[in-house]
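Inspection log for the structure reproduced underneath, given as structure tokens.
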């Protein structure tokens with residue numbers, strides 16, 4: 001792993017990009033894609049102990065095979081909420097490790113590919129083949145949907161499919177349909193979440209999400225976020241439910257609960273995580289209308305909304321017959337000279353994170369160990385960084401940038417490069433003050 005993170009002095013050992021962000025004192029090439037979310041989900045079916053990569057472009061077609069349900073099923077509502085904004089989801093089955101449904105059918109044993117309760121909805125139907133009476137059609141059904149058919153002479157001819165594995169030797173016997181049984185979901189505990197975070201650390205994503213209510217798990221995600229952002233330079237934000245006390249620009253705390261019976265009160269995390277991940281670097285989620293399927297509690301007075309914003313809460317409010325995001329903020333509230341109020345705006349954090357990601361990517365792939373640390377090498381690096389900032393300015397992610405806002409010098413030793421950069425992130429308009437003069 002390459003080094004990365006913040007620095008106090010130029011004393012790092014690992015090769016890599018170390019980037020500090022501070023507020024300026026006040027007087028009184030190509031940008032990376034966004035839309036990547038990492039999330040643990042409790043599922044009844046699916047791969048266990050591994051990260052499942054799901055693309056928005058393919059989820060409707062592949063959902064049944066990956067998760068055991070059609071994309072339109074109520075069980076898939078969290079994914080539908082997520083993909084209203086996300087482009088790619090890294091999903092980890094947090095309740096893996098359960099028993100696999102199975103059934104002995106004469107000489108044949110059928111076992112679900114994955115553990116979980118959805119395996120109990122699987123049936124094996126064996127019928128004599130119409131064209132070849134000496135052979136049998138072995139059909140696999142999941143919740144009444146035919147998902148696989150094999151024509152074989154006996155059990156040894158059967159091969160595993162995407163839903164079930166077969167074992168046993170001997171002849172087959174026709175049946176009208178036999179259901180698998182005994183499938184269970186695994187236990188969700190702190191160890192499962194720790195395993196998820198360990199796995200997901202190897203992935204690049206814009207937003208990490210914890211859609212639960214356990215304070216100990218929230219603290220685990222907060223500590224993980226701070227460690228990766230500050231010590232390793234991995235730039236992402238984490239969306240959790242009601243943890244505004246985190247007081248950190250990397251944590252977004254959703255305040256509003258979901259009112260639907262049978263749903264987690266923290267379910268607005270799904271939609272918020274997708275929107276934050278998919279939001280362009282030059283855009284804001286402020287005033288965005290919620291277009292999901294949950295019923296959101298928006299019973300807040302004006303004073304409560306004001307207090308919520310001051311406390312670093314990401315809130316929704318009623319606007320006519322719509323539910324809109326009040327302001328696109330994170331939990332950072334302890335403003336200082338070095339880190340002012342700007343760092344509480346998620347649009348600013350997106351710009352800074354984008355700049356950090358692209359600068360580090362540029363250095364680590366094009367310059368690290370390849371380009372001499374001499375005047376011409378540093379000029380080339382400076383030129384590429386200027387091009388990146390020009391791209392950001394072209395899309396109005398930053399403003400007032402000039403080439404001399406970046407300086408590149410030799411660092412504390414012959415292998416180091418020291419960069420000073422001044423950028424001004426732009427933010428969307430959120431407040432209007434009008435003074436009308438009447439003559």
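Read-outs throughout are calculated quantities, based only on the coordinates presented, and are distinct from any laboratory measurement. From a predicted model like this one, the values you see are computed outputs, not experimental measurements. Cβ coordinates were reconstructed from backbone atoms using ideal geometry, including for glycine residues, and neighbour counts include every protein chain displayed.
Mean residue ellipticity at 222 nm, helices only, the chain: -6500 deg cm²/dmol; runs of at least 4 DSSP H residues each add -39,500 (n - 2.57), and the sum is divided by the number of residues.
The listed peptides 188-194, 350-356, ordered by packing as a protection proxy, come out as 350-356, 188-194 (highest mean of other Cβ atoms within 10 Å first).
Set the Cα radius of gyration of the range 108-262 against 2.2 N^0.38 Å, with N its number of residues, and you get 1.59. In plain terms, if you count all Cα to Cα distances in the chain and split them into 10 Å steps from zero, the share in each step is 4, 18, 24, 20, 15, 10, 6, 2, 0, 0 percent.
The peptide list 402-409, 267-274, put in order of mean Cβ contacts within 10 Å with the highest first, becomes 267-274, 402-409. An oblate overall shape is assigned to the range 270-356, the ratio a/c of its alpha-carbon gyration tensor axes (a ≥ b ≥ c) being 1.5 or greater and a/b not exceeding b/c.
The range 101-168 and the range 363-426 have Cα centres lying 60 Å from one another.
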